[in-house]
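Comments concern the structure below.
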Amino acid sequence: MAEPRGQASRLVLIGSAASQAMSPGLWNPVLQELGSGWTYEAWDVAPDADLGAVRRRLMEPDIVAANVTMPHKHWAAETADEATGPVLLSGACNLLVQQGRRLAGHNTDVTAVGVLLEGRYQRHAVLLGAGGAARAALIALKDNLGRVSIADRDPHASEELLDLANGFGIEAQAVTWQEAQDLAPGASLIVNATPVGKKATDGPVWGGARLAPDAVLYDYVYAGHATASVERAMELGVRCIDGWDHLREQAVAMVPLLGLGGRACELLRQTLGALRKKH
């Protein structure tokens, strides 16, 4: 059961399409089973919304914490009164926890990547996409990565991530999308940090060529179908980590930050498994 937090009883999700997200359906059954008295709700917050007003709502006494999704993760990092190292490094925050009159910022995306990749050394990672998800992957890998190749449709985003990698002392290069696809067969890790795969008609994000025997695919996309990237990687006998795996581990990483007991972790795994079967 959750530890007492005065009158606090509401968890929220902030994003431009929060009401379409999986999180309320994941968390509410868990919170009910725990008997916490907490609820989880979605706040649709447009990209051009008054975020000062959003922060004021987050300081209401019945708010426990807020998950933050696109396009407000950078704002969340900026509005946090205190932040963890991953938030400071990434400039992105996906969890704001109310602590008195302050908001503590966390990035459980980074935690999830570290858990799922098990701290294993990656000789060469190809990052397809250079936004917040790719940045979380790079930060999680920074002490166990030999080389990284970064591609994004936006060259400016690639250059920003390249600067971060160079700051970590990682051998890094920004490449075109086609060059990244050409490099994928020799990589030990391919990260899909784009929406490619959301549509059932999308092909494998790296083009579908044969991958190295030691390769791992990390596909952030979760959908009601197996993405073409995951299907192709499985055909090749490659280890796959998909968006459902990521969603589970970033939720599990929230448990101690919210003061919930260990039973919540198993309930989250069970509930997400049930949701995945429905989809």
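General observations
- When each of 97, 87 is tested for being over 23 Å from residue 160 (Cα atoms) and open to solvent by less than 10 Å² (accessible area, probe 1.4 Å), the lone residue that passes is 97.
- Of all the residues in the stretch 179-201, those that are in contact (Cβ under 8 Å) with a residue 60 or more places away in the chain and either touching a strand residue (DSSP E or B) at 6+ places or on another chain (Cβ under 7 Å) or among the acidic types (Asp, Glu) (or both) number 8.
- Among (1) out of contact with any helix residue (DSSP H, G or I) (no Cβ under 8 Å at 6 or more places or on another chain); (2) of a type in the set (A, V, I, L, M, F, W, C); (3) over 25 Å from residue 205 (Cα atoms) - the single one residue 238 does not satisfy: (3)
- Test: residue in the stretch 105-123 that is at pLDDT 95 or above, open to solvent by less than 20 Å² (accessible area, probe 1.4 Å), over 17 Å from the mean Cα position of the chain (by Cα) and closer than 24 Å to residue 189 by Cα: yes
- Some residue of the stretch 243-261 being buried (at least 18 other Cβ atoms within 10 Å of the Cβ), farther than 22 Å from residue 69 by Cβ, at pLDDT 95 or above and of a type in the set (A, V, I, L, M, F, W, C): no
- Tally, over the stretch 124-162, of residues that are under 18 Å from residue 90 (Cα atoms), open to solvent by 10 Å² or more (accessible area, probe 1.4 Å) and in contact with a Lys or Arg (Cβ under 7 Å, 6 or more places away or on another chain): 2
- The conditions of being outside any helix (DSSP H, G or I), of a type outside the set (Gly, Ala, Ser) and under 19 Å from residue 185 (Cα atoms) are met by residue 217.
- Qualifying residue in the stretch 266-276 (condition: at positive phi, outside any strand (DSSP E or B) and either out of contact with any Cys (no Cβ under 7 Å at 6 or more places or on another chain) or without any contact (Cβ under 8 Å) to a residue 40 or more places away in the chain (or both)): no
- Residue match in the stretch 234-241 (condition: within 23 Å of residue 130 (Cα to Cα), of a type in the set (Gly, Ala, Ser) and open to solvent by 10 Å² or more (accessible area, probe 1.4 Å)): no
- Residue match in the stretch 183-191 (condition: at pLDDT 95 or above and in contact with a Gly (Cβ under 6 Å, 6 or more places away or on another chain)): no
- All conditions in (1) at pLDDT 90 or above; (2) part of a loop (DSSP other than H, G, I, E, B); (3) surrounded by 19 or more Cβ atoms within 10 Å (Cβ to Cβ); (4) not β-branched (Val, Ile, Thr) hold for residue 222, with the sole exception of (1).
- Options 21, 46; residue that is more than 16 Å from residue 258 (Cβ to Cβ) and open to solvent by 40 Å² or more (accessible area, probe 1.4 Å): 46
- Scope the stretch 24-41; condition open to solvent by 40 Å² or more (accessible area, probe 1.4 Å) and more than 18 Å from residue 270 (Cα to Cα); matching residues: 37, 39, 41
- Yes/no for residue 237 being assigned to a loop (DSSP other than H, G, I, E, B) and either within 19 Å of residue 116 (Cα to Cα) or of a type in the set (A, V, I, L, M) (or both): yes
The values are calculated or read from the model by the stated rules, or taken from the named source; none is laboratory data. As the structure is a prediction and not an experimental result, all values here were calculated from the model. Virtual Cβ from ideal backbone geometry, glycine too; neighbours counted across all protein chains shown. Only protein heavy atoms, including side chains, enter the accessible area calculation; ligands, DNA and RNA are left aside. Shrake-Rupley method; radii C 1.70, N 1.55, O 1.52, S 1.80 Å.
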